[in-house]
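Please read the structure below before turning to the comments.
The values are calculated or read from the model by the stated rules, or taken from the named source; none is laboratory data. Only a predicted model underlies this, so the values are computations on that prediction, with no experimental measurement involved. Glycine also receives a Cβ, built like all others from the backbone with ideal geometry; neighbour counts cover every protein chain displayed. Heads up: the accessible areas ignore ligands, DNA and RNA and are worked out on the full protein's heavy atoms, side chains in. Shrake-Rupley method; radii C 1.70, N 1.55, O 1.52, S 1.80 Å.
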Amino acid sequence: MTQGRTKRSTEKSLTVNGLEKTYPQWRKKSTRAVDGISFSVDEGEIVGFLGPNGAGKTTTIKCICGLVEPTKGEINIFGIDAVNDTRKAVSNTSAVLEGNRNIYWRLTTRENLEFFARLHGRRLKEAEHEIKSLLKRFDLQEKEDVPARKLSRGMQQKLALSCALIRGTDFLLLDEPTLGLDVKTSKEMREFVKRLTSDMGKTILLSSHDMNVVEDVCERVIIMNEGKILANDSVNNLKDVFNVHLYDFILKGEQRLPRLKEKYDVTDIQRKDGKTKLRASLKDSDSFYDLINHLQKKDVKLEEVNNLDKNMEEIFMEVIEKEEAVR
Amino acid sequence: MKEHLIFYSVVKKYFIELKRYFLNTLMTMGGIFILFMLVFFGLKSFEAGTDTLQGTIVGFAMWIFAVMAYSEMSWGLLREARDGTLEQLYLTPSTFRRISAYRVFGSFIFQFVLFLTFLSIMMVVTGQYLSLNPGVIILIVLTLMSIYGIGYIMGGLSLVLKKVQAGNQILQFLFILLLVLPTITDHKIIYFVPISWGNNMINRMMIDGLSLLDFTMIDYTILIVNSFAYLFVGLFIFSLMEKSAKKRGLLGHY
């Protein structure tokens with residue numbers, strides 16, 4: 001979870017209400033990509049869109065920035081109707097779509113930044129300081145005069161993000177910002193994204209199918225599947241709901257522990273090779289210490305405790321599986 | 001007003017890219033020049049008259065101009081879609097149609113310089129000297145409006161249909177037919193098809209030495225109505241295709 005964010009206001013940067021998108025198909029049945037979803041993003045918040053391929057994440061993002069026309073529903077960016085007044089609404093929005101595309105490969109790093117600054121109506125004199133600062137922040141100073149096509153994929157993605165930032169908008173849409181990056185560059189990119197809100201106060205809606213990215217970067221996560229929102233909650237809340245803090249306790253000796261299952265939520269006891277393994281799902285830290293005390297009172301020697309808390313990937317799978325089971 | 005900054009940004013980018021790939025451009029021009037020489041000296045060997053030879057020079061130069069202007073519209077758009085930058089051009093305070101018009105302006109300046117250079121070299125090499133009245137710029141601009149209109153139509157179609165390269169190539173040859181049409185027929189069709197009437201006026205100015213004042217109001221009316229009709233129809237069809245692409249989620253795909 002991200003720490004040390006700037007305190008943000010409760011103003012809504014983005015409000016999506018009943019958004020629906022059905023793609024008409026030539027001589028085929030229409031495809032419903034987004035099915036009446038509603039959500040909002042507060043100013044200064046990073047919200048993650050999580051879902052498998054075809055969940056409707058990219059369509060939603062493209063509807064927000066006016067690249068796809070919604071079939072139904074309302075989208076407001078800083079109070080501006082983005083469906084009927086797209087140009088005005090997108091002038092407050094930047095987007096990085098599909099990783100390292102979005103930049104001109106024939107232009108150098110600096111030329112790209114200057115082009116996108118002016119393209120958003122910014123004078124170079126005003127933007128110059130920011131260009132230098134972005135080059136420094138993204139470690140692109142030495143590549144300032146190198147054509148974008150000669151940069152590594154990670155650098156191209158950093159440049160794409162810089163080009164989105166140089167537009168000077170407060171709202172940023174990032175579609176798969178770490179797609180195709182190696183582990184180190186992906187981690188760097190996540191740090192950059194986190195700092196965009198903490199240092200620069202940007203509001204970000206990020207889509208990814210990489211659970212680690214969402215878990216690491218976002219405060220809130222919206223889980224989508226087949227065009228619908230299945231969950232919309234803070235990362236911590238989702239973890240609490242789905243985790244119930246699972247632990248494995250390894251005890252010395254093959255122990256008989258009467259009434260343990262009744263008193264604590266012990267789901268499994270295995271006795272093998274002079275050891276006992278208890279698996280317990282505990283609601284909070286009080287239950288955890290309670291169980292430890294109980295074992296101590298029984299003179300049971302505790303050899304090892306393993307936390308089996310679920311990561312975002314397991315939570316995500318659980319949400320999706322539950323939804324499929326309901327259907 | 002931010003629009004002038006957007007205009008400057010688009011035109012500057014056009015020239016930066018051109019400079020970076022200048023050798024490639026020069027080699028393409030070299031290839032076209034060899035083709036011209038083959039056509040010109042081929043005609044000369046058949047003892048074609050001076051008017052035919054001079055008409056060939058003007059027609060060929062106009063054809064290159066038209067193909068480049070058209071390509072800038074349709075291929076430029078396809079390239080943006082392929083490279084993934086097209087969507088970024090929609091995320092600006094301006095409109096994509098305006099942005100593409102700015103790029104066309106940049107390309108017009110370059111193509112006009114190239115047109116004059118090409119024409120001068122052709123005149124020196126062939127020994128056929130034409131009248132270079134500055135008023136010809138006005139006729140060229142008006143004539144090219146119809147080409148830009150067709151460029152917008154094909155650009156719009158490529159947004160939705162994507163693979164329209166074959167159509168682009170056919171159109172390049174169709175332009176030859178349209179340019180020579182006034183020399184093979186005086187049927188009224190030349191008033192309605194693109195570039196034919198404009199090229200006819202350019203020919204009269206450069207070969208017969210006419211000035212802008214020598215043309216009648218009817219000549220200008222046909223040229224202006226024809227050119228702007230194609231341009232506006234092109235813009236209208238582009239708008240429809242753009243809307244359809246947004247509806248089908250095809251913008252930026254290639």
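Things to note:
- Acute angle (nearest 10 degrees) that the helix A:285-297 long axis makes with the longest principal axis of chain A, alpha-carbon atoms: 20 degrees
- Sorting A:79-85, A:269-275, B:60-66 by their mean Cβ neighbour count within 10 Å, with the most densely packed peptide first, gives B:60-66, A:79-85, A:269-275.
- Span-like helix ranges in chain B, DSSP H, alpha carbon extent 15 angstrom or more, Kyte mean at least 0.0: B:3-20, B:22-45, B:50-83, B:96-126, B:136-161, B:165-184, B:217-248
- Dipole magnitude of region B:3-248 about its Cα centre (Cβ charges: Lys, Arg +1; Asp, Glu -1), debye to nearest 20: 1060 debye
- Inter-part distance, region B:215-240 to region B:127-176, computed on C-alpha centroids, equals 13 Å.
- Between region A:165-187 and region A:20-36, the Cα center-to-center distance that results, in Å: 29 Å
- Chains A and B, summed buried accessible surface - 1.4 Å probe, Å², nearest 100: 3500 Å²
- Placing unit charges on each Cβ (+1 for Lys and Arg, -1 for Asp and Glu) gives region B:1-64 a dipole about its Cα centre, and among B:F60, B:L23, B:I34 the Cα reaching farthest toward its positive end belongs to B:L23.
- Here, region A:100-242 has an Rg and a Dmax of 16.2, 51 Å when only alpha carbons are counted.
- What chain A shows is 48 Å² of accessible area per residue, with the surface traced by a 1.4 Å probe over protein heavy atoms.
- Among the lysines of chain B, pairs that are 8 or more positions apart or on different chains and have alpha carbons within less than 19 Å of each other number 8.
- Only DSSP H runs of four or more residues enter the estimate; each adds -39500 (n - 2.57), and after division by the residues of chain A the mean residue ellipticity at 222 nm equals -10500 deg cm²/dmol.
- The trypsin sites (Lys or Arg not before Pro) of region B:169-247 meeting both criteria, a DSSP state outside H, G, I, E and B (loop) and at most 14 other C-beta atoms within 10 angstrom of the site's C-beta, are B:K188.
- Both radii were evaluated on the Cα set of the protein assembly as shown; the Rg over Rh quotient, with Rh as the Kirkwood radius, amounts to 1.15.
- Against chain A, whose longest principal axis is taken from its Cα atoms, helix A:153-165 shows a tilt of about 70°.
- Cleavage-rule hits, trypsin sites (Lys or Arg not before Pro), region A:181-268, DSSP coil, Cβ neighbours within 10 Å at most 11: A:R256, A:R259
- When DSSP beta bridges are restricted to pairs lying wholly in the protein assembly as shown, around 70% turn out antiparallel.
- Cα-based radius of gyration of chain A once divided by 2.2 N^0.38 Å, which approximates compact folds: 1.22
- Loop-located GluC sites (Glu not before Pro) in region A:3-95 whose Cβ has at most 11 other Cβ within 10 Å (DSSP): A:E11
- Prolate/oblate/rounded label for region A:1-122 (Cα gyration tensor, a/c 1.5): oblate
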